[in-house]
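The values are calculated or read from the model by the stated rules, or taken from the named source; none is laboratory data. Remember, it's a predicted structure, so these values are computed and weren't measured experimentally. No Cβ is skipped: glycine too gets one built from the backbone with ideal geometry, and neighbour counts run over all protein chains shown. Side chains included, ligands, DNA and RNA excluded: accessible areas come from the protein's heavy atoms. Shrake-Rupley method; radii C 1.70, N 1.55, O 1.52, S 1.80 Å.
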Amino acid sequence: MRRCFEFLAVVMLSLLALPLFAQSVPEIAYDSAPNLLKLPADIFLGEAAGVAQNSKGHMFVFTRSGETQLFEFDQEGNFVREISPRNYAFAFAHTVRVDSQDNVWAVDEGTNMIVKFNPAGKEVMTMGRRPESAEGDVPGGFNFHPVLPGDTPRPAGQYAFSRETDVAWDTAGDIFVSDGYGNARVVKYDKEGRFVKAIGGSVKGKEPGQFSTPHTIATDAKGNVYVGDRGNSRIQVFDNDLTLRAVWTGVGAPWAICITPGPKQYLYSSDAVGPIYKLDLEGHVLGKFGTAGKQMKQFGWIHEMNCTSENELLVGELLNWRVQKLTIHPQK
């Protein structure tokens, strides 16, 4: 009987994983604001790996240049400051997020660390730990031996990451981390950073509830968790306890997702070079826009998006070394 229920569950999830649309997707009109960020003459942006925005409209950019740096700009794009220069947890920027209390969370793939800064820029929490060159058989250690095909996979630790990619929260402050390149899992912590549970593991998989490069993560107002499972070209949707609810395909390989605020929420998902897709939270594709390129309104490796509202997005690009502010024209 148990095998029968398991089979039915797989069948139902397989149906949920069918492409989300069979007809052509409407094109959405949009514009991009020129000269968004105003940098001092002696500061350069580099790869805009992460972009986020706080309640005042200030923009935060986590950038890869000569070194990894976290910049703040005001709502007009004027440079405000660099947050925590030469931070020990900064080596290879991946994403930056701002929570409901305007705390800024920097997710660094290179150090296996996440740092939470309060609005004043003071470190108030760290998660994970940077490998030290003096350590033994760990990434970055002097005697590190990488896992080779056929080797027994190393187990994923509760409080250690392996090239984690993104972070999100529910309304209770619980923390969800996509852990991401070295591992293939999503981890839930309480608001104090205590481990709650994990799904996935240290090995990539393609079955429902497994991951292959979970690259981006977001939550809705009800606490549901949306994971951009990039290597499997799908978005997996979980409830707050990380129980699988749905699998969405048909929107490319999601490099970046974000969910809009407000009583009626939408999800935007982007492949590396576009298009960007607009979906409702039932998984229906409502429209798409954008193509690859280097001109305004074109994209080169979209790495993170910020959903300011249903009709305004911030888009950070790796190949084009920039952030675009997109104004989306309401659909008729």
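Charges were assigned to the Cβ only: +1 to each Lys and Arg, -1 to each Asp and Glu. The resulting dipole of the stretch 226-332 about its Cα centre is roughly 420 debye.
Distance between the pseudo-spin-label points of THR249 and GLN331 (7 Å out from Cα toward the beta carbon): 2.2 nm. When the solvent-accessible area of the chain is split by element, carbon and sulfur atoms take up 54 percent of it, the probe being 1.4 Å. In terms of the mean number of neighbouring beta-carbon atoms within 10 Å, the peptides 37-43, 238-244 order highest first as 238-244, 37-43. Heavy atoms of the protein chains alone define the surface here; on that basis the chain has 46 Å² accessible area per residue at 1.4 Å probe size.
Under the simplified labelling scheme, the LYS122-ALA172 pair shows an inter-label distance of 2.8 nm, with each label point 7 Å from Cα along Cα→Cβ. Candidate values [x] 32, 58, 9, 0; [y] 32, 52, 14, 2, 0; [z] 28, 52, 15, 3, 0 were compared with P(r) over Cα pairs in 20 Å bins from 0, in percent computed on the shown model; the agreeing label is [x].
Under 5 Å between amide hydrogens, built in the peptide plane, is the criterion, and for ARG129 it picks out PHE161 among residues at least 5 positions away or on other chains.
Measuring between alpha carbons in the structure, the pairs from LYS122/LYS197; LYS204/LYS325; LYS197/LYS222; LYS56/LYS264; LYS56/LYS188; LYS122/LYS191 lying more than 24 angstrom apart are LYS122/LYS197; LYS204/LYS325; LYS56/LYS188. For the stretch 220-332, the calculated P(r) over all alpha carbon pairs, in 5 Å bins from 0 to the bin holding the longest distance, is 2, 12, 24, 25, 20, 11, 5, 1, 0 percent.
Between GLU282 and ALA33, residue separation times 0.36 nm minus the direct Cα-Cα distance comes to 86.6 nm. The local environment of ILE328, defined by Cβ-Cβ distances under 12 Å, has a net charge of 0 under the rule Lys, Arg +1 and Asp, Glu -1. Take every DSSP beta bridge whose two residues both sit in the stretch 254-332; close to 95 percent of them are antiparallel.
Where only DSSP H runs of four or more residues are counted, the chain gives -1500 deg cm²/dmol as its mean residue ellipticity at 222 nm, each run worth -39500 (n - 2.57). Diagonalising the gyration tensor over the Cα atoms of the stretch 54-123 and scaling each eigenvalue by 5 before taking the square root yields semi-axes of 19, 14, 10 Å, largest first.
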